[in-house]
1. What residues qualify as long-range amide H neighbours of LEU156, i.e. H under 5 Å apart, gap of 5 or more or another chain, H built at 1.01 Å from N?
2. Quick one: Cα centre-to-centre distance for segment 156-218 and segment 3-40, in angstrom?
3. Return one quarter of the surface area of the convex hull spanned by the alpha-carbon atoms of segment 3-76, equal to its mean projected area, in nm².
4. Largest first and in whole Å, what are the equivalent-ellipsoid semi-axes of segment 1-151 based on the Cα gyration tensor, each being the root of 5 times an eigenvalue?
5. Can you give me the long-range amide H partners of PHE98? Hydrogens built in the peptide plane at 1.01 Å from N, cutoff under 5 Å, separation of 5 or more residues or another chain.
6. About the Cα centre of segment 44-129, what is the dipole size in debye to 20, counting +1 per Lys and Arg Cβ and -1 per Asp and Glu Cβ, all else neutral?
7. Take segment 109-174, compute every pairwise Cα distance, and split them into 5 Å bins from 0; I just need the percent in each bin.
8. Once you sort the root eigenvalues of the Cα gyration tensor of segment 67-153 as a ≥ b ≥ c, which label holds: rounded (a/c under 1.5), prolate (a/b larger than b/c) or oblate (the other case)?
Amino acid sequence: MEERLQKLLSNAGIASRREAEDLIRAGRVTLNGKAVTELGTRANPAKDDIRLDGERVFSGKPEYYVLYKPRNVVTTLDDDKNRPHVGAYVSRLQKRVFPVGRLDFDSEGLLLLTNDGEFSNRVMHPRYKVPKTYLVKVKGRPDERAVQRLRTGVMLEDGPTLPARVELSRPTRANTWLKITVYEGRNRIIRRMCERVRFPVVKLHRIGVGAIYLGKMKPGELRKFTPREMAYVKELLAAQPDRSGEAPRIAPTPQAQRKRLRHRAPRARKLGRGGRPGAGR
């Protein structure tokens, strides 16, 4: 899957998007042995030889890790504002890996790290509809109408959202926990969806991407993919989108489906009549 070179360099943690454009203009980036100076140039990191100052950007054995990103940490490998960043955790590995997508500064939870550009592209590309699951605390108590809008899709400034899976959990005094699974990776999509139905996000915690789950990890912990998760990587890399551009959803492995996740958030409860948890029982 081809992407613009400046985006690939940015995703690999080499530089910001703007800095990557400067590197390309300066002729420091080569593609398959030839210097590139055009910003529109596209490449596939899984197939093409991309180098900066002669050093290959995507190389070596594919590596896959899960990081529990704490809150108030930037999803970049460095930060010019001296904020805490993911690079501080990646440095423990002494390997060149980059974040797959991003989590907002004030969000926490599962963040994938890899040097496999094709895997990264497939996780993020809407064509593959990789499910991403979040535990979300919203302000107030959403009624059945608001929850149904989230399930069927809401209109945002950049277009309608795909249908989402939404479970309502036991409310606290002033807030409610929701478990939301989306199949696209637009910027701040969960927060924008909840704001659109007038229940803004108080806390956001990502617990799963595809068949890869956070489980009992704690903030700041870092681990390799398990054998079951590596089987999912192979499944995703082998998936073929249809000609219409809409691929079937990649189902978690049977083992992952059977696995019960434990978390501090209350158990999900079904909506009863009037949109109140447990009503009508």
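1. THR161
2. 34
3. Orientation-averaged projected area of the Cα hull: 5.6 nm².
4. 32, 18, 15
5. Under 5 Å from the amide H of PHE98 lie the amide H atoms of THR114, ASN115, each far enough along the sequence or on another chain.
6. 260
7. 3, 13, 17, 20, 17, 14, 9, 4, 2
8. oblate
The values are calculated or read from the model by the stated rules, or taken from the named source; none is laboratory data. Note that the structure is predicted; figures quoted are calculated from it, not measured. Reconstructed Cβ throughout: ideal geometry from the backbone, glycine too, with neighbour counts over all protein chains shown. For the accessible areas, the whole protein counts, side chains as well, though only heavy atoms, and no ligand, DNA or RNA atoms are used. Shrake-Rupley method; radii C 1.70, N 1.55, O 1.52, S 1.80 Å.
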